[in-house]
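Taking it in order: structure first as structure tokens, then the write-up.
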Amino acid sequence: MAEVLQSEYANMPEHRFAYPQDLANVEIFSAVDANKNLKRLDELLNSSVGFIAISKSVTRERMNQSQMKVLKGENVLSYRLDGNFWFDWRKSNLAGGTQDVLKLRAAPKILT
């Protein structure tokens with residue numbers, strides 16, 4: 001039976017205990033977490049939610065300094081990234097999705 005330290009329980013959202021459905025996943029995540037050679041995603045990149053952009057506002061080349069680096073599905077491969085695109089984050093360039101900054105910056109993010 002797995003033990004949960006009081007300090008871990010105190011850090012859980014709403015102090016709720018959630019148990020994994022598949023114990024094999026616990027072993028995998030524990031092994032990954034114990035590997036000190038790995039970096040957390042938040043050490044490598046800033047993440048936000050997906051957004052719906054006006055297509056002409058996403059460019060392959062950087063057009064100006066206000067553009068930020070973004071990824072499209074074609075950039076994400078199984079074990080690496082392949083390139084990126086550029087996007088100027090302005091309301092006029094968004095075609096939909098939430099623009100609520102609190103929702104966009106909410107943590108944690110899960111990248112699958």
(request) Would you tally the residues in region 3-35 being surrounded by 10 or more Cβ atoms within 10 Å (Cβ to Cβ) and modelled with pLDDT under 75? (result) 5
(request) For region 36-54, state whether one or more residues are part of a loop (DSSP other than H, G, I, E, B), at negative phi and modelled with pLDDT of 90 or more. (result) yes
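Working only within region 64-109, note down all residues that are of a type in the set (Ser, Thr, Tyr), assigned to a loop (DSSP other than H, G, I, E, B) and either at pLDDT 90 or above or surrounded by 11 or more Cβ atoms within 10 Å (Cβ to Cβ) (or both). Before the answer, list the steps.
Residues of region 64-109 that are of a type in the set (Ser, Thr, Tyr), as a first pass: 66, 78-79, 92, 98.
Narrowing the set further to residues that are assigned to a loop (DSSP other than H, G, I, E, B) leaves 66, 78-79, 98.
Within region 64-109, SER66, THR98 qualify.
The values are calculated or read from the model by the stated rules, or taken from the named source; none is laboratory data. Quick caveat, the model's predicted, so the values are computed rather than measured. Cβ coordinates were reconstructed from backbone atoms using ideal geometry, including for glycine residues, and neighbour counts include every protein chain displayed.
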